[in-house]
1. Looking at (1) surrounded by 15 or more Cβ atoms within 10 Å (Cβ to Cβ); (2) within 20 Å of the chain's Cα centre (by Cα), can you tell me which one Phe204 breaks?
2. Tell me, yes or no, whether region 274-293 has at least one residue that is over 25 Å from Ile176 (Cβ atoms) and in contact with a His (Cβ under 8 Å, 6 or more places away or on another chain).
3. Does any residue in region 230-242 that is more than 18 Å from Gly298 (Cβ to Cβ) come within less than 8 Å, Cβ to Cβ, of a residue that is of a type in the set (D, E, K, R) six or more places away or on a different chain, and which pairs are these?
4. Say we look at region 19-30 and pick out the residues that are assigned to a helix (DSSP H, G or I) and among the small types (Gly, Ala, Ser); which of these is surrounded by the fewest Cβ atoms within 10 Å (Cβ to Cβ)?
5. Which numbered condition in (1) assigned to a helix (DSSP H, G or I); (2) among the charged types (D, E, K, R); (3) more than 25 Å from Ala31 (Cα to Cα) is the only one that Arg92 fails?
6. Would you mind stating whether Lys99 is within 16 Å of the chain's Cα centre (by Cα), farther than 18 Å from Ile222 by Cβ and surrounded by fewer than 24 Cβ atoms within 10 Å (Cβ to Cβ)?
7. Being surrounded by fewer than 21 Cβ atoms within 10 Å (Cβ to Cβ) and either among the aliphatic types (A, V, I, L, M) or under 16 Å from the mean Cα position of the chain (by Cα) (or both) is the filter here; which residues of region 153-168 pass it?
8. Kindly state which helices (runs of 4 or more DSSP H) lie completely within region 112-200 and contain at least 3 residues that are farther than 19 Å from Gly215 by Cβ and without any contact (Cβ under 8 Å) to a residue 40 or more places away in the chain.
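The values are calculated or read from the model by the stated rules, or taken from the named source; none is laboratory data. Source: prediction; values computed, not measured. Every residue, glycine among them, receives a Cβ derived from its backbone with ideal geometry; neighbour counts consider all protein chains shown.
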Amino acid sequence: MAMNIIRELPHPTEIKNAHPLSPELAAVKAARDEEVKKIFTGESDKFLLIIGPCSADNEDSVLDYITRLRAVQEKVQDKIFIIPRIYTGKPRTTGDGYKGMLHQPNPTAMPDLKSGIIAVRSLHMRALAETGFTSADEMLYPENYSYLDDLLSYIAIGARSVENQQHRLVSSGVTIPVGMKNPTGGDISVMMNSITAAQHAHAFIYRGCEVKSDGNPYAHAILRGYVNDRGQSFPNYHYEDLIRLSDTYAQKDLKNPALIVDTNHSNSGKQYNEQIRISKEILHSMRHSEDIRKLVKGLMIESYIEDGSQKIGENIYGKSITDPCLGWEKSERLICELADQL
């Protein structure tokens, strides 16, 4: 074979037993999960903000960042519900480059997925224990969700994964909101089909078992912009795009129509400072259309301690080693400005 088995990875039960979640922290997660679900059903009018680094590359700087975020949450808690982005698996367009903490707990060392699984669980547990935040992560590998299902309050399915059958089926068996991004080519019918699949029950194979899911009524859309056949980025967050998605939802038999707008990626052309303007434009559109106001539940923003990005090995504390992010001072100001406008 062209694949060589390095080691058999521990079962999720083994990892959870070695790194257990206390009943007190489990109760915090349960309470946060319920509040997030109420945002998607419309029972709560709070605005969801999924914000944090493009990739969680360093445990200390990520915890530093979300500790700062905790203080801001206290200021805006009446209007905004914050879920930190702690993305530990990084999809790569060509397969090359840093694939996240799951692959490389140390970005300068060789891949070690067993250590990565432990490092990822440790990071999410520390975030919950030290800040009270349950976090968001991207479901890069559906079979790995079981290592974190007792810790996460939000999952994103990336633009390169949204058409994959296993991502859709596993999402149908998840009890927390799952955001389906539009594919890189921009065809929203692919995203809508993914939402439909995730909201329905299915029988399928998962981790070597035959399973049956109940369907996930909280599966929803994420608009992140798209790239044309010439490699040029185009946004899909403008008023007309949001109305189009609202109309598309109205034609579907789907539960809890909802949208999160990703303010970076192709929506900003990876110009991270544009996230400030884009965020405010979304709120402007919400003020001018009741349909948009009901549909848009929040924003996804890439933010870290330092502006921009760096190459692996430069070792600038709190600066992204993948996509460029909005720095802390700008991020804090933006969160407060958004709260004032809601």
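1. Against the list (1) surrounded by 15 or more Cβ atoms within 10 Å (Cβ to Cβ); (2) within 20 Å of the chain's Cα centre (by Cα), Phe204 comes up short only on (2).
2. yes
3. The qualifying pairs are Ser233/Lys270.
4. As a first pass, look at region 19-30 and keep what is assigned to a helix (DSSP H, G or I): 23-30.
Right, trim to among the small types (Gly, Ala, Ser) and you get 26-27, 30.
On the way: Ala26: 14, Ala27: 10, Ala30: 12.
Here the residue is Ala27.
5. Here Arg92 clears every test but (1).
6. yes
7. To start, the set of residues in region 153-168 that are surrounded by fewer than 21 Cβ atoms within 10 Å (Cβ to Cβ) comprises 160, 163-166.
Of everything in region 153-168, just one residue is surrounded by fewer than 21 Cβ atoms within 10 Å (Cβ to Cβ) and either among the aliphatic types (A, V, I, L, M) or under 16 Å from the mean Cα position of the chain (by Cα) (or both), namely Arg160.
8. Working: elements: 113-131, 165-171, 188-199.
Hits in region 112-200: 113-131.
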